Amino acid sequence: MRLSHLFAPTLREDPAEVEAPSHRLLLRAGFIRQVTSGVYVTLPLGLRSIRKIERIVREEMEASGGQELRMPILLPAEPWKATGRWDLYGDTLFRLTDRHGREMLLGPTQEEVVTLLVAGDLPSYRDLPVNLYQIEWKYRDEFRPRFGLLRGREFLMKDAYTFDRDEEGMARSYDAMFQAYRRIFDRCALSYVIVEAEPGQIGGGVNHEFMARADVGEDLFAECVNGDYLADLKAATPQPPEPAARDGSAPLEKVHTPNAATIEAVSSLLGMPGERMLKTMLYDAGGTTVAVLLPGDREVEEAKLERLLFPAPIRRFEDGDFAARGFVKGYVGPQGLDEGVTVLADHAVRGAGDWVTGANEAEHHVTGANTPRDFRVDRYEDLVALRDGDRCPKCGGQLRVGRSIVVGHIYQLGTRYSEPLEATFVDEDGSVRLYQMGSHGIGISRVLAAAAEQYHDEAGLRLPKVMAPFAAVVIVANRDHEGVVAEAERIYRELAERGVEVALDDREQTAGVKFADADLIGYPVQVVVGKRGVAAGTADLKLRADGERSQAPLADAAQAVVDLLETAP
Ligand SMILES: [Zn+2]
């Protein structure tokens, strides 16, 4: 590829209002251009990288029994209503109406389509198991698209769906995908962790997320410093602290706490640390009141509460709820709550006593609150939001909170979709059974962005060779020098003959611009052919990964590039 003919517009300056390094560099290196918020053109360089990631994914999917098909993006609403996702997705779903007034949507995933497809055409146990996948653009109406390809409204995904006769088969298919995903992300040279995750909107049971480490990542996980525990932060369970050495014998006493409606205010007024306070958080769970008790210096992990009270929708009390249900905002305590209120306490509350908590009266708190004497707890549960430094549930060691980008997600769905869609097959004994399904996604465009997050420096991208758009570039440093042009052309030709994906920078630009662009785009190996080198009979080589420079005789330059590429990450 001659760069004089390539549509690869690089930017000298950082674009405005761009937060993530991957977003900034993919724009600057000419991989993508924004059309509108969260929607991008993939330029030739970006598309070359995307195609390489796709090839790895296809190879591993085919090796694991996957069969590629292609499903539509434009989908009818009815099956989505049958599975409940039409409502569950809320504003995130791109909805439209056709000229006949029929409701439709742009697919964010394809469970409904593929389930009906299989039920219609593979109705016998003899057809199973089957694993169908596609690589296609998906749509989500993100409230706030950001970070370029990391959270767009249009994104390229590989989605696979497995259909099995029974749960054992489903688990086998799941394991095959689990192993395939490891190979895919290993081949993509990503640094990643695998964590068991929350089910989310797709529903179902066992599921794992493949999370690429990244400082800008919005997906948090907890990791034990001793390496024996990893979990999605929203599902992570810290080991409860040792119960505080308070014997619970203090009498219940009311204290005047003017203008102290927050934990911080009470804490400083009474000169006691936040962990001595018993925080009482009130929620509405489908019409009933739920009180959540936890130490004053901790927060509720609402995802845990949601899962615990599923399917009731959870809503934290708003100002109007307090008065309407007889509570005093800022001064709520668990004493004397009526039987209609469910009282949940985090494990961290168990065993400790002599709490300071609200007196259920304006400007007053109580000290010496103890259970069961002064208040009841219906259940102790894991409800606390994990934080850095909490104790590992396996070994008691320190937990660290890590940031990541989810690049892959695999689910055991069971009959979550086959049941509402009445998708059945005839089993060997003649019985009619529901398919046991799995759903497995990889964010292809996200993998590129995640790799850009992990592989860059101040000068630009340095993507691993498996996904860099070209493996090498030959830079013509002096375009007006016949000998330089002839040698560069020859090395370029020889590299192409050896099967190296090579670009020739023959543009009418200064050598300085070409060097800067080569670093920005991140060709794993750069070859510079210039006047002085040609006079001396040498070419200059540079490995982008570590900036290491070397020289090779002009005649052997192509072989030297091939050898250097072997060592490139
Ligand atoms: Zn541990």
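The values are calculated or read from the model by the stated rules, or taken from the named source; none is laboratory data. Values in this document were obtained by computation on a predicted structure and should not be read as measured data. Ideal geometry is used to build each Cβ from the backbone, glycine not excepted, and the neighbour counts take in all protein chains shown. Just so you know, the surface numbers come from the protein's heavy atoms only, side chains and all, with ligands and any DNA or RNA stripped out. Shrake-Rupley method; radii C 1.70, N 1.55, O 1.52, S 1.80 Å.
On the protein heavy atoms, probe 1.4 angstrom, tell me the percent of accessible surface of the chain carried by carbon and sulfur.
Numbers: 12420 of 25190 Å².
About 49 percent, which is the carbon plus sulfur part of the accessible surface.
Distance between the C-alpha centers of segment 377-404 and segment 457-534? Whole Å please.
When both Cα centres are located, 51 Å separates them.
Once the piece of chain linking residue 215 and residue 424 is laid out straight, how much longer is it, given 0.36 nm per residue of separation minus the C-alpha distance between them? Numbers along the way, then the final one.
Working: separation 209, 0.36 × 209 = 75.24 nm, distance 4.50 nm.
Result for the pair: 70.7 nm of gain on full extension.
Please compute the volume of the convex hull spanned by the alpha-carbon atoms of segment 32-122 and report it per residue in Å³.
Values: hull volume 13.5 nm³, N = 91.
Per-residue hull volume (Cα only) is 148 Å³.
Is segment 234-352 best put as rounded, prolate or oblate by its Cα gyration tensor, with a ≥ b ≥ c the root eigenvalues, rounded for a/c under 1.5, and otherwise prolate when a/b is larger than b/c, oblate when not? Walk me through the numbers on the way to the answer.
Working: a/c = 1.78, a/b = 1.20, b/c = 1.48.
The shape class here is oblate.
Reachable lysines from residue 52, Cα under 28 Å, same-chain residues fewer than 8 places away excluded?
138, 158, 465, 514, 542
Determine the equivalent ellipsoid of segment 37-182 by diagonalising the alpha-carbon gyration tensor, then write out the semi-axes as square roots of 5 times the eigenvalues, largest first, rounded to whole Å.
Working: eigenvalues 143, 108, 34 Å².
Here the semi-axes work out to 27, 23, 13 Å.
Out of all Cα-Cα pairs in segment 446-522, roughly what percent, to the nearest whole number, are more than 17 Å apart?
The calculated P(r) of segment 446-522 puts 51 percent of pairs beyond 17 Å.
Dividing the alpha-carbon radius of gyration of segment 212-304 by 2.2 N^0.38 Å (N being the number of residues), what value is obtained?
Details: Rg = 17.7 Å, N = 93, 2.2 N^0.38 = 12.3 Å.
For segment 212-304, the normalised Cα radius of gyration is 1.44.
If you plug each phi of segment 486-496 into the Karplus form 6.51 cos²θ - 1.76 cosθ + 1.60 with θ = phi - 60°, what whole-Hz ³J(HN,Hα) values come out, in order, with x for Gly and Pro?
In residue order, the calculated couplings are 5, 5, 4, 4, 5, 5, 4, 5, 5, 5, 4 Hz.
Would you list, by chain and number, the aspartates and glutamates whose Cα falls below 14 Å from the Cα of residue 81, excluding same-chain residues fewer than 8 positions away?
103, 111, 112, 419, 422
From the phi of every residue in segment 309-321, what ³J(HN,Hα) in whole Hz does the Karplus formula 6.51 cos²θ - 1.76 cosθ + 1.60 yield, where θ is phi - 60° and glycine or proline is x?
9, 3, x, 5, x, 9, 9, 5, 3, 9, 3, x, 5
Amide H neighbours of residue 457 under 5 Å, counting only residues 5+ apart in sequence or on other chains, H built in-plane at 1.01 Å?
462
Rounded, prolate or oblate for segment 328-481? Axes are the square roots of the Cα gyration tensor eigenvalues, ordered a ≥ b ≥ c, and the cut-off for rounded is a/c under 1.5. Could you put the intermediate results ahead of the total?
Values: a/c = 3.57, a/b = 1.55, b/c = 2.30.
Oblate, because a/c is 1.5 or more while a/b does not exceed b/c.
At q = 0.18, 0.27 Å⁻¹, work out log10 I(q)/I(0) for segment 33-84 with the Debye formula, treating every Cα as an identical point scatterer and leaving solvent out; two decimals please.
-0.91, -0.96
Of 478, 441, 513, which is farthest on the positive side of the dipole of the chain, counting Cα position, with +1 on Lys and Arg Cβ, -1 on Asp and Glu Cβ, and the Cα centre as origin?
Comparing the listed Cα positions along the dipole, 478 ranks first.
How big is the charge dipole of segment 1-149 about its Cα centre, in debye rounded to the nearest 20, if each Lys and Arg gets +1 on its Cβ and each Asp and Glu gets -1 on its Cβ? Show your work: numbers first, answer last.
Details: 21 positive and 21 negative charges, 137 e Å.
The calculation lands at about 660 debye.
For the chain, give the magnitude of the charge dipole about the Cα centre (Cβ charges: +1 Lys/Arg, -1 Asp/Glu; no others), in debye to the nearest 20.
1220 debye
What's the longest uninterrupted piece of the chain once you rule out the chymotrypsin sites (Phe, Trp or Tyr not before Pro) that are loop residues per DSSP with at most 13 other Cβ within 10 Å? Don't skip to the answer; put the middle values down first.
Working: sites that count: 7, 143.
Counting at most 13 other Cβ atoms within 10 Å as exposed, the longest clean stretch of the chain is 144-569.
How large is the dipole of segment 349-439 about the Cα centre if only Lys and Arg carry +1 and Asp and Glu carry -1, each at its Cβ, rounded to the nearest 20 debye? Mind dumping the intermediate values first?
Values: 11 positive and 14 negative charges, 106 e Å.
Dipole magnitude for segment 349-439 comes out near 500 debye.
Sticking with the crude label model, points 7 Å out along Cα→Cβ, report the distance from residue 191 to residue 431 in nm, one decimal please.
Those two pseudo-labels are separated by 5.1 nm.
Can you give the extra length, in nm with one decimal, that the chain gains between residue 513 and residue 403 once fully stretched, where that is 0.36 nm per residue apart less the Cα-Cα distance?
Details: separation 110, 0.36 × 110 = 39.60 nm, distance 3.51 nm.
That works out to 36.1 nm of additional length.
Semi-axes of the equivalent ellipsoid for the chain, please: Cα gyration tensor eigenvalues, times 5, square-rooted, ordered largest first, whole Å.
Values: eigenvalues 578, 211, 90 Å².
Value: 54, 32, 21 Å, ordered largest first.
Quick one: if the Förster radius is 35 Å, what FRET efficiency do residue 171 and residue 47 give, using the C-beta to C-beta distance and rounding to 0.05?
Numbers: r = 37 Å, r/R0 = 1.06.
Efficiency, from the Cβ-Cβ distance: 0.40.
Taking θ as phi - 60°, what are the ³J(HN,Hα) couplings along segment 441-448 by the Karplus curve (6.51, -1.76, 1.60), each to the nearest whole Hz, with x for Gly and Pro?
Working through the residues one at a time gives x, 9, x, 5, 5, 5, 4, 4 Hz.
Taking N as the number of residues in segment 343-391, what is its alpha-carbon radius of gyration divided by 2.2 N^0.38 Å? Provide the component values of the computation, followed by the final result.
Numbers: Rg = 12.7 Å, N = 49, 2.2 N^0.38 = 9.7 Å.
Compactness ratio reported: 1.32.
Check the straight Cα-Cα distances from residue 254 and name the aspartates and glutamates below 16 Å, setting aside those fewer than 8 residues away within the same chain.
In chain and number order, the partners are 354, 361, 363, 374.
Before I look further, what does segment 96-170 give for accessible area per residue, probe 1.4 Å, in whole square angstrom? Mind dumping the intermediate values first?
On the way: 3290 Å² over 75 residues.
Result: 44 Å² of accessible area for each residue.
Between residue 68 and residue 395, what FRET efficiency follows from the Cβ-Cβ distance if R0 is 41 Å, with the result rounded to 0.05?
Values: r = 44 Å, r/R0 = 1.06.
With a Förster radius of 41 Å, E is 0.40.
How far, in degrees from 0 to 90, does helix 557-567 lean away from the longest principal axis of the Cα atoms of the chain, to the nearest 10?
20 degrees
So which GluC sites (Glu not before Pro) in segment 301-357 end up in coil per DSSP with only 16 or fewer other C-beta atoms within 10 Å? Display every interim value, and only then the final one.
Numbers: sites: 301, 302, 306, 318, 339; in loops: 301, 318, 339.
Listed in order of number, the matching sites are 318, 339.
Sum -39500 (n - 2.57) across every DSSP H segment of at least 4 residues in the chain, then divide by the residue count to get the 222 nm mean residue ellipticity, nearest 500.
Details: 14 runs with 147 residues, N = 569.
Taken over the chain, the calculation gives -7500 deg cm²/dmol.
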